[in-house]
Amino acid sequence: MKILYFTSSVEDYLGDSILHGLRLLYGKDCIDYPKCEILYKNCPEHMREQVRGNGFTLYSGLLEDIDIDRFNIETKIHNQYYDLIVISDIQRQYGWFLHFRPWLNAENTIILDGQDTHQPYPARGHWWRKPYYWFLPKAHNDFLYFKREWTPDTHFSIWMRILPIKFRNKLPKPVNLRTTAFSFPKEKIVTMLPTKIKEFATHIVDPEVAGHITGSFETYAFATEEEYYKDLQDSRFGITTIRAGWDCLRHYEIAANGTVICFKDLEDKPDTCAPHGLKDGYNCLSYKNYNHLLSKIKNLKTGEYEKIQLRSWRWAFENNSKNRAAQIIKEHQSTIQILKSNLNLALS
C-alpha cells in the first residue's frame, strides 16, 4: 500500500509517532511530504535544537534517510496513485486538505487531529473569530476523523456550546469521530525491568509534589535523553499530570522505562480522551495531592508494586508506534468495508 503522509513544519507528537509506525510497516511506500526532517538521523543539529523538550524520545534520529519518491505529488494525487492519504494535523494542514479536496474521499483519506485543544477543525475559536473561515469545508462529514483530546466539549458545531452539558452528553457522537493517542518507539522501551534505587524520578511536573521532594525539578532536568531515561529507570515512581491536554508523551516515557506512572486526577479524564488503557491500581496510580499519593504508595501490599510495574511496562509495549499505526489502518479498512457492505445491501 502506498501512503502519502502530509507533515507539519513543527514537532507533532501524534502525527510524527504515527509516521514512525507507518514507516516501520510500509517502508519507503510511506511517503512523508514535506520530508519530516526532525525525525531523521541526519537531521541538522541546529534544527533539532529548536524542538521543544530537547527532542527526547521522538526526535533523536528514529528514521533512516532512505530513498523516498516525493516528486510530482500533485499529479499523483489527481491520478489516484496513492492508496491512502493522511492529513496528519488538520488544524495546521487544512490548506492541503482544501487544495486537494476534489480528489479526496472516504476510501483514500483519513484525518488526524493531535492538537491539545478539545475543539476540532473548524470549530475552535481560531476559526470562528474570522468570518473568512466560516464556510470552510468540514473534514469530519466524509472522512474518519481521529481526535486525541476528545472530551464532552468536542463538537463540530459552535452552536453545541450553547447547550448545557447534560443535554450535550445525550446527543449521539459524530459518526466519523474516532479516538487516538500518542505512541512510543518500541526500540526505546527497556527490554527488562530495571532495578530501582530511589523513590521518585527527578523531573516532577506536579508543583505540589515537587515542593516536597528534595532535588526535584519542575522543568527539564537533563541535557541528554540517556540521562533522562536512566533517571526514570532508577526510580520506582514517575509523576505526571494533565498539561495543555490530557495526553502527554511523558506518560509513555515513564512506563517505557519500567517505572510506575503516578497520574494526578486520572479519574477526571473522559473515557474518549487519550491516554487510553490506564487504570488506577492496575497499571498506574491515580492521586489527588501529595499526601494522597504517599498514602497510596505506603499502602501497597507486598508484591503489588511489581505487578503494577509489569502491567505499566506492558502498556508501553501495547502503545508502541507500530501498533498505533496498525490500529488506525485497521479502523479505516474496517469502516470502509462496512460502508461498502451497507451500500451493496441498499442496492440489492
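Please treat every number below as a calculation from the coordinates, not as lab data. In this text the structure is predicted, and so the values were computed from the model without any measurement. Methodologically, a virtual Cβ is constructed for each residue, glycine included, from the backbone with ideal geometry; neighbour enumeration extends over all protein chains shown.
Observations
- Qualifying residue in segment 287-300 (condition: within 22 Å of the chain's Cα centre (by Cα) and aliphatic (A, V, I, L, M)): no
- Every residue from segment 143-176 that is outside any loop (DSSP other than H, G, I, E, B) and within 28 Å of Trp103 (Cβ to Cβ): Leu144, Tyr145, Phe146, Lys147
- Among the candidates Phe156, Phe56, Phe100, Phe167, residue that is buried (at least 18 other Cβ atoms within 10 Å of the Cβ), more than 29 Å from Ile38 (Cβ to Cβ) and either of a type in the set (S, T, N, Q) or out of contact with any Ser or Thr (no Cβ under 6 Å at 6 or more places or on another chain) (or both): Phe156
- For segment 267-299, a tally of residues being part of a helix (DSSP H, G or I) and not aromatic (Phe, Trp, Tyr) returns 10.
- Of all residues in segment 204-238, those satisfying the criterion of being within 22 Å of the chain's Cα centre (by Cα), in contact (Cβ under 8 Å) with a residue 40 or more places away in the chain and closer than 16 Å to Leu293 by Cα are Val205, Asp206.
- Residue match in segment 28-35 (condition: more than 22 Å from the chain's Cα centre (by Cα) and surrounded by fewer than 21 Cβ atoms within 10 Å (Cβ to Cβ)): yes
- Residues of segment 59-81 that are touching a strand residue (DSSP E or B) at 6+ places or on another chain (Cβ under 9 Å), part of a loop (DSSP other than H, G, I, E, B) and hydrophobic (A, V, I, L, M, F, W, C): Leu62, Ile68.
- Single match in Gly27, Gly53 (criterion: touching a residue at least 24 places away in the same chain (Cβ under 8 Å), outside any loop (DSSP other than H, G, I, E, B) and within 26 Å of Leu104 (Cα to Cα)): Gly27
- Residues in segment 257-295 that are over 20 Å from Thr154 (Cβ atoms) and among the polar types (S, T, N, Q): Asn257, Thr259, Asn283, Ser286, Asn289, Asn291, Ser295.
- Residue list for segment 71-91, restricted to those being charged (D, E, K, R) and surrounded by 12 or more Cβ atoms within 10 Å (Cβ to Cβ): Lys76, Asp83, Asp89
- Yes/no for Ala274 being closer than 30 Å to Pro174 by Cβ, among the hydrophobic types (A, V, I, L, M, F, W, C), within 21 Å of the chain's Cα centre (by Cα) and surrounded by fewer than 19 Cβ atoms within 10 Å (Cβ to Cβ): no
- Segment 106-122 - residue that is β-branched (Val, Ile, Thr) and outside any loop (DSSP other than H, G, I, E, B) and, of those, surrounded by the most Cβ atoms within 10 Å (Cβ to Cβ): Ile111
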